[in-house]
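Reviewing the structure listed below.
The values are calculated or read from the model by the stated rules, or taken from the named source; none is laboratory data. Since we're looking at a predicted model, the values are computed, not measured. Please note: Cβ atoms are built from the backbone with ideal geometry, for glycine as well, and neighbour counts cover all protein chains shown.
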Amino acid sequence: MELQVVALTSSQASSVQVADPVFACDFKEALIHQVVTAQLAGARAGTKGQKSRADVSGGGIKPWRQKGTGRARAGTIRSPLWRTGGKTFAATNRDFSQKVNKKMFKGAMASIVSELVRQDRLVVVDDLSLTEAKTKTLIKKLADLKIEGQVFILVAAYEENLMLASRNLPNVGVGDIAHLDPVCLVGADRVLITLAALKQLEERLA
């Protein structure tokens, strides 16, 4: 199939030939849901935790003898019943990450990209590089393309000027092919991708 390429550096529009298995495959909702859920789960910190009676220091000796004191029997000062003791059913650090194999990830990404093409949410541009890190320059380029709403820009490699220019725009995100994120693609109203990034994406998902 062919995708139209919007020319920002010249006045001549063109098109590019792309592979149907990547840009025209079926929509697999269950697979996309699984991959997106795994991506969100992997971003969770899981650092919540308390100390159980085994983790609290001290308490290696019985506080007082078993009988004859008139007080309740006690085996350790680190009991959860004591003020300085451990916590009952203490929470521990957790790893929320889910395993997603390469074939599943590729299939989900191809399905997402194909759906973006079908919904006219994928815009291919010849180049989006900036000579200086100016937010107003990026705003002007987006205005020339008539792009509104939540925008995600996908480039071939990390570009510092583009990253700095988009940093103050809450509705614009930037990413590269090496750190492809399905959550950003699904949540964007429009996805801008450069011609170089398009070729890399096709090679990666083929």
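Please go through the range 44-88 and pick out each residue that is of a type in the set (Val, Ile, Thr), surrounded by fewer than 13 Cβ atoms within 10 Å (Cβ to Cβ) and under 43 Å from the mean Cα position of the chain (by Cα).
47, 84, 88
Can you name every residue in the range 24-43 that is surrounded by 15 or more Cβ atoms within 10 Å (Cβ to Cβ) and either in contact with a Phe, Trp or Tyr (Cβ under 8 Å, 6 or more places away or on another chain) or not in a helix (DSSP H, G or I) (or both)?
Step one: of the range 24-43, the residues surrounded by 15 or more Cβ atoms within 10 Å (Cβ to Cβ) are 25, 28, 31-32, 34-36, 38-39.
Those that are surrounded by 15 or more Cβ atoms within 10 Å (Cβ to Cβ) and either in contact with a Phe, Trp or Tyr (Cβ under 8 Å, 6 or more places away or on another chain) or not in a helix (DSSP H, G or I) (or both): 25, 28, 35.
Can you find a residue in the range 16-23 that is in a loop (DSSP other than H, G, I, E, B) and within 22 Å of residue 205 (Cβ to Cβ)?
So the first thing to find is which residues in the range 16-23 are in a loop (DSSP other than H, G, I, E, B), and the list is 18-19.
In the following step, the residues that additionally are within 22 Å of residue 205 (Cβ to Cβ) were identified as 18-19.
Yes; the residues of the range 16-23 include at least one that is in a loop (DSSP other than H, G, I, E, B) and within 22 Å of residue 205 (Cβ to Cβ).
Take residue 17 and tell me if it is in contact (Cβ under 8 Å) with a residue 40 or more places away in the chain and in the same structural domain as residue 200 (by TED's automatic domain parsing).
Numbers: in contact (Cβ under 8 Å) with a residue 40 or more places away in the chain: no; in the same structural domain as residue 200 (by TED's automatic domain parsing): yes.
No.
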